[in-house]
Amino acid sequence: MNKSRKPRRPDVTTVEFVGRASHALELRDHDARWADIYLDHRGRIRDALTAADIEIEHIGSTSVPGLAAKPIVDIVVAVDDITAEEDYLPALLAAGYELRVREPGHRLVRTPAHDVHVHVFEKGDPAVDEYLLFRDRLRSDADDRTLYESTKRTLLSRRWDDMNDYAKAKTDVIVAIKARAREARGQ
């Protein structure tokens, strides 16, 4: 977390879901247009948050060329103070995103079509580094990319009532891939 200054207020302590999250889970072959969608939304986010010093990255499977993915572009935005929602949330909502999740250290806004998810964290939050570590490993290692896609295909052959359960089922493979990424970095 950003230790150079104190948060304006304590962060939330519970998880709040706004709206429903149900939609079909499907895996699609990599689509080069996902990078363009990311670039469009990066511009939209930068335009909305011109007064804020932010960092923006394309994360998730759609950010990995050659990897099949759910057709949802995930973006991570790092802000100075996650508790200062007035610095970023109203502007993101005005830019057409909808609040979906408010939880300690994380906010999620998404498009009304649910095809772009914007994860907001505080600068320095280890979660951001974890997303980038995983993304970069999948971009650079064909074996781990194949393993991850195979895992997703196997899991999606099952019925999932909640996307969060599907995400949790991938945890062991993700942890193993990130461990290999750390080892390759000499960490």
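The values are calculated or read from the model by the stated rules, or taken from the named source; none is laboratory data. Note that the structure is a prediction, hence the values are computed from the model and not measured. All Cβ positions, even for glycine, are placed from backbone atoms using ideal geometry, and neighbour counts span all protein chains on display. Ligands, DNA and RNA are excluded from the accessible area calculation, which covers all protein heavy atoms including side chains. Shrake-Rupley method; radii C 1.70, N 1.55, O 1.52, S 1.80 Å.
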**OP:** Among the listed pairs 152/178; 123/168; 6/178, give every one whose C-alpha distance is greater than 21 Å.
**Re:** 123/168; 6/178
Subject >> region 147-187 - percent of accessible surface contributed by carbon and sulfur, probe 1.4 Å >> reply: 47 percent
Subject >> Inverse mean reciprocal Cα-Cα distance (Kirkwood Rh) of region 88-187, Å >> reply: 15.5 Å
**OP:** Quick one: plug the Kirkwood hydrodynamic radius of region 1-150 (C-alpha pairs) into Stokes-Einstein at 20 °C, 1.002 mPa s, and report D in µm²/s.
**Re:** 133 µm²/s
Original post:
Between 179, 120, 13, whose Cα lies farthest towards the positive end of the dipole of the chain when Lys and Arg beta carbons carry +1 and Asp and Glu beta carbons carry -1, centred on the Cα centre?
Top reply: 179
Original post:
Roughly how big is the chain's charge dipole about its Cα centre, with Cβ charges of +1 (Lys, Arg) and -1 (Asp, Glu), in debye to the nearest 20?
Top reply: 300 debye
**OP:** List, in order, the whole-Hz ³J(HN,Hα) value for each residue of region 48-55 obtained from phi through the Karplus relation with A = 6.51, B = -1.76, C = 1.60 and θ = phi - 60°; use x for Gly and Pro.
**Re:** 6, 10, 4, 7, 9, 8, 10, 10
Subject >> Choice from 28, 102, 159 showing the highest fluctuation, given a GNM over the chain with Cα pairs closer than 10 Å >> reply: 159
Original post:
So for the chain, taking the charge dipole from beta-carbon charges (+1 Lys/Arg, -1 Asp/Glu), which of 83, 49, 148 sits furthest toward the positive end?
Top reply: 148
Original post:
Angle between the Cα long axis of helix 171-185 and the longest principal axis of the chain, 0 to 90 degrees, nearest 10?
Top reply: 90 degrees
**OP:** Per residue of region 84-92, in order, report the coupling 6.51 cos²θ - 1.76 cosθ + 1.60 (Karplus, θ = phi - 60°) as ³J(HN,Hα) in whole Hz, putting x for Gly and Pro.
**Re:** 8, 4, 4, 7, 9, 5, x, 5, 5
Original post:
Residue by residue through region 59-75, which ³J(HN,Hα) values in whole Hz follow from phi under the Karplus form 6.51 cos²θ - 1.76 cosθ + 1.60 (θ = phi - 60°), with glycine and proline marked x?
Top reply: 10, x, 4, 5, 8, 10, x, x, 9, 5, 8, 5, x, 10, 7, 9, 10
Original post:
Once amide H atoms are placed 1.01 Å from N in the peptide plane, what residues at a sequence separation of 5 or more from residue 100, or on another chain, have their amide H within under 5 Å of its amide H?
Top reply: 108, 109, 110
Original post:
Of the heavy-atom accessible surface of region 15-141 (probe 1.4 angstrom), what whole percent is carbon and sulfur?
Top reply: 49 percent
Original post:
Comparing 139, 46, 33, which has the greatest mean-square fluctuation in the GNM of the chain with Cα pairs linked when under 10 Å apart?
Top reply: 33
Subject >> Kirkwood Rh and Cα Rg combined as Rg/Rh, region 27-82 >> reply: 1.04
Subject >> Candidate aspartates and glutamates - alpha carbon under 13 Å from residue 70, same-chain residues fewer than 8 apart omitted >> reply: 26, 29, 31, 115, 149
Original post:
What is the set of long-range amide H partners of residue 59 at a cut-off below 5 Å, with H atoms built 1.01 Å from backbone N?
Top reply: 74, 75, 76
Original post:
Gaussian network model of the chain, Cα springs within a sub-10 Å range: biggest mean-square fluctuation belongs to which of 76, 120, 12?
Top reply: 12
**OP:** Provide the per residue accessible area, probe 1.4 Å, for region 50-187, rounded to a whole number of square angstrom.
**Re:** 45 Å²
